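**Student:** Attaching a single structure in structure tokens format; questions to follow.
The values are calculated or read from the model by the stated rules, or taken from the named source; none is laboratory data. Fair warning: this is a prediction, and the values are worked out from it, not measured in the lab. Here the Cβ is made from the backbone with ideal geometry for all residues, glycine too, and neighbour counts use every protein chain on show. We work out accessible area using only protein heavy atoms, side chains counted, and drop any ligands, DNA or RNA first. Shrake-Rupley method; radii C 1.70, N 1.55, O 1.52, S 1.80 Å.
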Amino acid sequence: MSFPVHRPRRLRRYETIRRMVRETRLSPDNLIAPLFVCHGEGVRRPIPSMPGCFHMSIDAVVEECRELSELGVPGTILFGIPQAKDAVGSEALDDSGIVPRAIHALKADLPDFVVWADVCLCEYTDHGHCGPVTKGRDGRLDVENDRTLLLLARAAVVYAGAGADVVAPSDMMDGRVGAIRSALDEAGRIDVAIVSYAAKYASAFYGPFREAVQSAPSFGDRRGYQMDPANAEEALREVAADIDEGADVVMVKPALPFLDIIRRVKERFEVPVAAYNVSGEYAMLKAAGEKGWLDEERAMMEMLVSIKRAGADIILTYFAKEAARRLA
């Protein structure tokens, strides 16, 4: 009888050896925490479909970011809950809107904490789409691409003026990275980075987020501007276009159904790659954990490591605080 010469189990015998040969290493430095900021004071209102996530007033967001910073998480991305919505998403463009005020407060308290501002209008419009809408020649309502670019550029300049380190356009309008880069540069903010949601798919996994910010479209859907989940080559074209327009980092969203896209983007382009571990991915793991169907902590870490292993340098995740505690 012949016995194996190669025995991979030798390097799996116990944790110290497993750590020594581990190929993929996840760190709090890889994580960005999405937070929902709302008007008021002392507000920390649970989001039912996202256990452990909250609508937080500015004071609560500052406290949350202090905790994140102490755990080694380098930054947050802010999503605003406006006081009122209208057809063009006016609060997104307002210097005294909820996100600019939150940015001011964060940078005053935590100057080295990296603050990202999501640049989109869907949380702020009364119809839930990512820009103003008009009736097309076929009689159907649709988002006005080029008019939206002007509004997104204005919003990005407002967030930069408040102190944002990063602006992250998530709307999927054609040409928005170029429009934002030009506007920032003209405003003297060449220092502000753009993280583009370059390959953002029209996904069912956004449901809990849309409930959290009440941004579900009141008519139609977003498949006319977000990507078809069946397409991969198109993602590479989208990423290339955004890099050409001035994106500093490109993002794939969602993460788990599109790990192959993360890998292809990482291998093709010489820029940092971000991936968004979105609300639906978070919610289904939380639900399974609460039911006792999964070991939530182990599943969380396995999921985040898979995103990192696929090629993501930065992971936006609602698990940022929990994962950072686990990694400490």
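**Student:** Given the rule -39500 (n - 2.57) for each run of at least 4 DSSP H residues, summed and divided by the residues of the chain, what is its mean residue ellipticity at 222 nm, to the nearest 500 deg cm²/dmol?
**Tutor:** When only DSSP H runs of four or more count, the value is -12000 deg cm²/dmol.
**Student:** A further question follows. Dipole of the chain, Cα-centred, from +1 at each Lys and Arg C-beta and -1 at each Asp and Glu C-beta, to the nearest 20 debye?
**Tutor:** Its charge dipole is roughly 1680 debye.
**Student:** Let me ask another. Quick one: Karplus J couplings for the range 277-285, per residue in order, coefficients 6.51, -1.76, 1.60, θ = phi - 60°, nearest Hz, x for Gly and Pro?
**Tutor:** 7, 7, 4, x, 5, 5, 5, 6, 5
**Student:** Please list the equivalent ellipsoid semi-axes of the range 180-328, computed as the square roots of five times the alpha-carbon gyration tensor eigenvalues, in descending order and whole angstrom.
**Tutor:** Values: eigenvalues 148, 73, 52 Å².
Semi-axes from the Cα gyration tensor: 27, 19, 16 Å.
**Student:** May I ask you to give the percent of accessible area on the range 53-186 that is carbon plus sulfur, with a probe radius of 1.4 Å? Each step should come with its number before you reach the end.
**Tutor:** Values: 2400 of 4970 Å².
Exposed carbon and sulfur together represent 48 percent of the surface.
**Student:** OK, next. Output the pairs from 107/200; 266/308; 107/321 with a Cα-Cα distance over 18 Å in this structure; if there are none, say none.
**Tutor:** 107/200; 107/321
**Student:** Viscosity 0.692 mPa s, temperature 37 °C: what is the translational diffusion coefficient of the chain from Stokes-Einstein with a Kirkwood Rh over Cα pairs, rounded to a whole number of µm²/s?
**Tutor:** 160 µm²/s
**Student:** Send over a whole-number figure in Å² for the accessible area per residue of the range 12-59, probe 1.4 Å.
**Tutor:** 58 Å²
**Student:** Taking the Cβ-Cβ separation of residue 187 and residue 234 as r and a Förster radius of 35 Å, what is the calculated FRET efficiency to the nearest 0.05?
**Tutor:** 0.65
**Student:** Calculated FRET efficiency, residue 19 and residue 87, Cβ-Cβ r, R0 41 Å, to nearest 0.05?
**Tutor:** Working from the Cβ atoms, E equals 0.15.
**Student:** Let me ask something additional. Any idea of the accessible area per residue across the range 131-174, 1.4 Å probe, to the nearest Å²?
**Tutor:** Working: 2010 Å² over 44 residues.
Spelled out: the 1.4 Å probe surface of the range 131-174, per residue, equals 46 Å².
**Student:** Can you tell which of 91, 70, 23 shows the greatest fluctuation in a Gaussian network model of the chain with Cα springs below 10 Å?
**Tutor:** 23
**Student:** Keeping all protein chains in place, calculate the accessible area per residue for the range 200-328 (probe 1.4 angstrom), answer in Å².
**Tutor:** 46 Å²
**Student:** Just to be sure I follow: if Rg is taken over the C-alpha atoms of the range 89-133 and Rh is the Kirkwood radius over the same atoms, what is Rg/Rh? Don't skip to the answer; put the middle values down first.
**Tutor:** Values: Rg = 12.4 Å, Rh = 11.6 Å.
Reported Rg/Rh (Cα atoms, Kirkwood Rh): 1.07.
**Student:** Another one. Defining a contact as two alpha carbons under 8 Å apart and six or more residues distant in sequence, what relative contact order in percent does the range 130-210 show? Let's see the in-between values first.
**Tutor:** Values: 90 pairs, mean separation 21.2, N = 81.
Answer for the range 130-210 is 26 percent.
**Student:** Using alpha-carbon positions, what is the distance between the centroids of the range 1-29 and the range 294-326, in Å?
**Tutor:** Going from one Cα centre to the other spans 21 Å.
**Student:** Hey, another quick one. Which three numbers, in whole Å and largest first, are the semi-axes of the equivalent ellipsoid of the range 245-306 derived from its Cα gyration tensor as √(5λ)? Kindly include the intermediate steps, with their values, before the conclusion.
**Tutor:** Numbers: eigenvalues 160, 24, 14 Å².
Here the semi-axes work out to 28, 11, 8 Å.
**Student:** If each residue of separation counts as 0.36 nm, what is the full-extension length gain between residue 260 and residue 211 once their alpha-carbon separation is subtracted?
**Tutor:** 14.8 nm
**Student:** For residue 202 and residue 70, compute 0.36 nm times the residue count separating them, minus their Cα-Cα distance, and round to one decimal in nm.
**Tutor:** 44.0 nm
**Student:** For the range 57-66, in order, what is each residue's ³J(HN,Hα) by Karplus, 6.51 cos²θ - 1.76 cosθ + 1.60 with θ = phi - 60°, in whole Hz (x at glycine and Pro)?
**Tutor:** Ordered by residue, 3J(HN,Hα) equals 6, 4, 4, 6, 5, 4, 5, 4, 6, 4 Hz.
**Student:** Still on this model: Please state the equivalent ellipsoid semi-axes for the range 115-274: what are the square roots of 5 times the Cα gyration tensor eigenvalues, largest first, in whole Å?
**Tutor:** They are 22, 21, 15 Å, listed largest first.
**Student:** Next question. Considering only 155, 232, 208, whose Cα is most displaced toward the positive end of the charge dipole of the range 125-274, charges sitting on Cβ of Lys, Arg (+1) and Asp, Glu (-1)?
**Tutor:** Of the candidates, 208 comes out farthest on the positive side.
**Student:** Each residue of the range 165-179 in turn: what ³J(HN,Hα) in whole Hz from Karplus with 6.51, -1.76, 1.60 and θ = phi - 60°, glycine and Pro shown as x?
**Tutor:** 7, 9, 10, 10, x, 10, 7, 6, 6, 5, x, 6, 5, x, 5
**Student:** Carbon and sulfur: what percent of the range 247-287's accessible surface (1.4 Å probe)?
**Tutor:** Accessible surface attributable to carbon and sulfur in the range 247-287 totals 51 percent.
**Student:** FRET efficiency for residue 267 and residue 41, Cβ-Cβ distance as r, R0 = 35 Å, nearest 0.05?
**Tutor:** It comes to 0.15.
**Student:** Taking the Cα centre of the range 40-121 as the origin and placing charges on Cβ (Lys, Arg +1; Asp, Glu -1), which of 83, 50, 71 is farthest toward the positive end of the dipole?
**Tutor:** Towards the positive end, the residue furthest out is 50.
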